[in-house]
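Notes for the one structure printed next.
FYI, it's all coordinate maths here, none of it is from the lab. What you see is a predicted model, and the numbers here were worked out from it, not measured in a lab. Counting neighbours? That spans all protein chains shown, and the Cβs are built from the backbone with ideal geometry, glycine included.
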Amino acid sequence: MPEAESLGRQAYYQLRDRILAGKLQPGERLSLRGMANSLGMSMAPVGEALRELSRDGLVELEPGWGTRVRQLDAESLHSQHVLRTALECEAARQCAVRASESQLTELFRLAESLDEAIDSHSSPEQVSELDSRFHLQIAELAKAPSLVQALRSNQLVRLLARGSEIAHHVNRPAGQHVVLVKALQSRDPAVAEDAMRQHCLESMRLQMQKAGFGNWLPDL
């Protein structure tokens, strides 16, 4: 059983990385046998991996048809950003009052590294990894594990729209993540929430435009 679980996790990570790298395109059908052959595994661990990817929202399981990579339209991408804003704002409120000074100092250093990577147009992969760490760290400092898990899943779905490439192709406000940490350091939940809300709304605007949905954007 442990070996089967290990193979399932290996299959999950390999398929997840292929999806997020665009090697498996949105809407593409994923044959269980074909995926198993490409990974050099039996169908059992690959089946488990596909079910986990479905729980993450990266693939869709359709009875009688099979599995395909999830394809985000304008409405579903907007919905993910609405969810992201709700999660991030609550995480910011809780973090502002629960994190220690040393934890916020460490978060400030991470924000500086992230902003430097964005400003210098570092690789999308590097920016994405730092951005994910930064926002998940805020959720972790909120001391609410359910927020962390929900935000992690939300990040994965938004990456289907190639969100990691935004910083590589679009000019963004300088020092934006440092500004967020300063709002958290105010220890005022309302200030922290407002800063995070503005950050999330700007991220929504950029990603919707990058995904070709700029004309669809609702009133913010």
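So the values come out like this:
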{"item": "Kirkwood-type radius of segment 1-86, with distances r between different C-alpha atoms, in Å", "result": "13.5"}
{"item": "Helical contribution to [θ] at 222 nm, DSSP H n ≥ 4, -39,500 (n - 2.57), averaged over the chain, rounded to 500", "result": "-23000 deg cm²/dmol"}
{"item": "Alpha carbon convex hull of the chain, volume per residue in cubic angstrom", "result": "133"}
{"item": "Over segment 74-216, relative contact order from alpha-carbon pairs under 8 Å, at least 6 apart, %", "result": "41"}
{"item": "Among Leu39, Leu136, Leu87: highest mean-square fluctuation, GNM of the chain, C-alpha pairs under 10 Å", "result": "Leu39"}
{"item": "Ala44-Val97 FRET efficiency (beta carbon distance; Förster radius 41 Å; 0.05 resolution)", "result": "0.30"}
{"item": "Relative packing of peptides 185-197, 49-61, 100-112 - highest average C-beta neighbours within 10 Å first", "result": "49-61, 185-197, 100-112"}
{"item": "Nearest-20 debye value, the chain charge dipole, Cβ charges on Lys, Arg, Asp, Glu", "result": "380"}
